[in-house]
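The values are calculated or read from the model by the stated rules, or taken from the named source; none is laboratory data. Nothing here was measured: the structure is a model prediction, and the numbers come from that model. Backbone-built Cβ (ideal geometry, glycine too); neighbour counts: all protein chains shown. Calculation scope for accessible area: heavy atoms of the full protein, side chains included, ligands and nucleic acids excluded. Shrake-Rupley method; radii C 1.70, N 1.55, O 1.52, S 1.80 Å.
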Amino acid sequence: MIQYRDARTIDGPALAAMARESFTETFGTLYDPKDLGAFLDEAFGPNGLPSQLSDPDFAIRLALDDGKIIGFVKMGPVTFPGEWRPDAIELYQFYVLRPWHGRGVAQEMMAWALDHARSHGAREVILSVYVDNHRAHRFYERYGFRDIGRIAFRVGTTVDDDNLMRLVL
């Protein structure tokens, strides 16, 4: 049975390992292995995702199956360049391991993310998604997110296009 709970500081190593696994299974073939390794170390190493577990600006919700982290969603302040409403919130990372796709995990975590945004006074949710991640685009569009522009996403020497998307609450 899949369970959901807020992440705790002690979850750092397991959450980082799951995030590395999910990013690699989804995007690993797009990048030079050296660049990918450096990106994963920066994003999910001790000064990346695990350090945000104790940062009050971030909220992270976990999905677990038999105690193993199989998904997570992270919310926090908008960091994209540009002018953003003061009551906007960013959906940073939304990862579910492939064996759990289609089992309702993403829907449960999106419900939490939108409830979290509303309960913290957000009037809009901003996110970025790789332009060729069509599955994710369809998922976000079902919730009312709309494309509002593009942003560069760098992994080593590779610069990808991400779509910026916004949901007005």
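Filter segment 150-169 down to the residues that are open to solvent by less than 30 Å² (accessible area, probe 1.4 Å) and either without any contact (Cβ under 8 Å) to a residue 40 or more places away in the chain or closer than 15 Å to Ile89 by Cα (or both) and list them by number.
First, the residues of segment 150-169 that are open to solvent by less than 30 Å² (accessible area, probe 1.4 Å): 155, 160, 162-165, 167.
Correct list: Asp162, Asn163, Leu164, Met165, Leu167.
Any chance segment 115-127 includes a residue that's surrounded by fewer than 14 Cβ atoms within 10 Å (Cβ to Cβ) and within 28 Å of Tyr31 (Cα to Cα)?
no
Taking Asn133 and the conditions (1) open to solvent by less than 80 Å² (accessible area, probe 1.4 Å); (2) farther than 24 Å from Ile70 by Cα; (3) at pLDDT below 95, which numbered condition does it fall short on, given that it satisfies the others?
With respect to (1) open to solvent by less than 80 Å² (accessible area, probe 1.4 Å); (2) farther than 24 Å from Ile70 by Cα; (3) at pLDDT below 95, Asn133 is out only on (2).
Could you look through segment 94-110, keep only residues that are crowded, with 18+ Cβ neighbours inside 10 Å and touching a residue at least 60 places away in the same chain (Cβ under 8 Å), and pick out the one that is nearest to Asp162 (Cα to Cα)?
Tyr95
Here is a list: Asp35, Asp6. Which entry is modelled with pLDDT under 95 and either on the phi < 0 side of the Ramachandran plot or open to solvent by less than 30 Å² (accessible area, probe 1.4 Å) (or both)? Before you say what the answer is, go through the steps one by one.
On the way: Asp6 fails: modelled with pLDDT under 95.
Checking each option against the conditions leaves just Asp35.
Just give me the residues in segment 80-93 being within 20 Å of Phe23 (Cα to Cα) and open to solvent by 40 Å² or more (accessible area, probe 1.4 Å), in sequence order.
Tyr92
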